[in-house]
Amino acid sequence: MMIIIELGILFIYCLGSLFFTRISASFLVALLLQITYSCLGQYRQDKSFAILSTIIYGVFSLFLPEALLFLPLLIYNLVTKEQLLLTGPFVLLFFYFWHDTGIFPMIFTGFGVLLSLFICYQKRQMQDLQERYYKERDEGRERELLLEQKNQALSTGQDAEIVMATLTERNRIAREIHDNVGHLLSRGILMTQALKVSEKDSQQTEALEALGETLTEAMNSVRSSVHDLHEDFLDLDIAVRELVKDFTFCPVTLEIGNHGHIPRDVKYGFLTSIKEGLNNIMRHSKATEARIIIQEHPGLYQLIISDNGPVINDDEEKGIGLLNMEERVRNLKGTLRILRAEGFQIQIAIPK
């Protein structure tokens, strides 16, 4: 839109040359030639076409001097197309054909050239300003995204530290209850049983038996609470990473997909299966690399343990570890598959 306004201003200014010339067929042809040249220059932006059209316009100017009256508009098109070298010949042609008409046409056209150059300068300044604006906007957006990523990473790290601190504290509480309260209850149960054996009064024996049952029930309740307190807050991701960190037999690639809340029995089923799988790799495989994948699908939880060790014969008897793993998966109503192509792979799927 701005280009149309600038061309319109210069076009109206060039029509002022009618003050020192007359309307003729030549002037109308020159007017149509300039309009065509300007329109084609805006339609085709390639440099080769711009140079060709300018040369054609110059050839017409040799036989149609009125075309040089639109020199300000012509200078504008040449400068915006970065064809500064072509401006000199047109200026010389203008002076050659119009120097006899007096000083007024020279001043009028010269002022028009200065106007076109000023407009080109302002246009360039505006383009530079826009480029700086877009550059600063993009850099600002990039810094904003980088800051968001850093904040997200910081938040994730803080969440992980909070989870670890919570797990550590809950495990400490569970251990304290187990070591102190559990041992005291165990000692009370043993003392009650000893008194019951030595006591001959039936009423005292019944009282001691009731006391023993109460202490046993309290002991079972403490054990259940400690078990739940210790196990419900197990972080499967952290536990698996610790197992992989401590496994030095061969490099292990760990891939844990996004997952929600995994039930406790599934987490411990996966954890014990991974322990057994890593133990089998260390004892029975000559693998140089292993891979563990944990994924959650819409209908099931999946665990894949694979290595690149030598293929075992299909008729080979399963070891105790694999049998225990199968039984554990079966108790979770899941399925276990063993693949022996290009290494050894265990696939476990637990339905939700």
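The values are calculated or read from the model by the stated rules, or taken from the named source; none is laboratory data. Please read all numbers here as calculations on a predicted model, not as lab measurements. Please note: Cβ atoms are built from the backbone with ideal geometry, for glycine as well, and neighbour counts cover all protein chains shown. Note: areas computed on protein heavy atoms with side chains; ligands, DNA, RNA excluded. Shrake-Rupley method; radii C 1.70, N 1.55, O 1.52, S 1.80 Å.
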Difference of contour (0.36 nm per residue) and Cα-Cα distance, residue 338 to residue 288: 16.1 nm
Å² of accessible area per residue within region 36-139, as computed with a 1.4 Å probe and no ligands counted: 62 Å²
Positive minus negative residues near residue 142 (Lys, Arg vs Asp, Glu; Cβ under 15 Å): 0
Region 233-352 - accessible surface per residue (Å², probe 1.4 Å): 58 Å²
Unit charges at the beta carbon, dipole of region 1-141: most positive-side option, 64, 104, 76: 76
Cα-based shape type of region 238-352, given that a ≥ b ≥ c are square roots of the gyration tensor eigenvalues and the cut on a/c is 1.5: oblate
Fully extended contour minus Cα-Cα distance, from residue 207 to residue 195, at 0.36 nm per residue: 3.3 nm
Pairwise FRET efficiency - residue 218 versus residue 241, Cβ, R0 = 41 Å, nearest 0.05: 0.65
Label point distance in nm, residue 271-residue 5, each placed 7 Å from Cα along Cα→Cβ: 7.1 nm
R0 of 25 Å, Cβ-Cβ distance residue 100-residue 55: FRET efficiency to nearest 0.05: 0.45
Virtual spin-label span in nm between residue 25 and residue 125, 7 Å along Cα→Cβ: 4.7 nm
Residues whose placed amide H lies under 5 Å from that of residue 250, excluding near-sequence neighbours: none
Net lengthening on full extension, residue 141/residue 264 (0.36 nm per residue, minus Cα-Cα): 40.0 nm
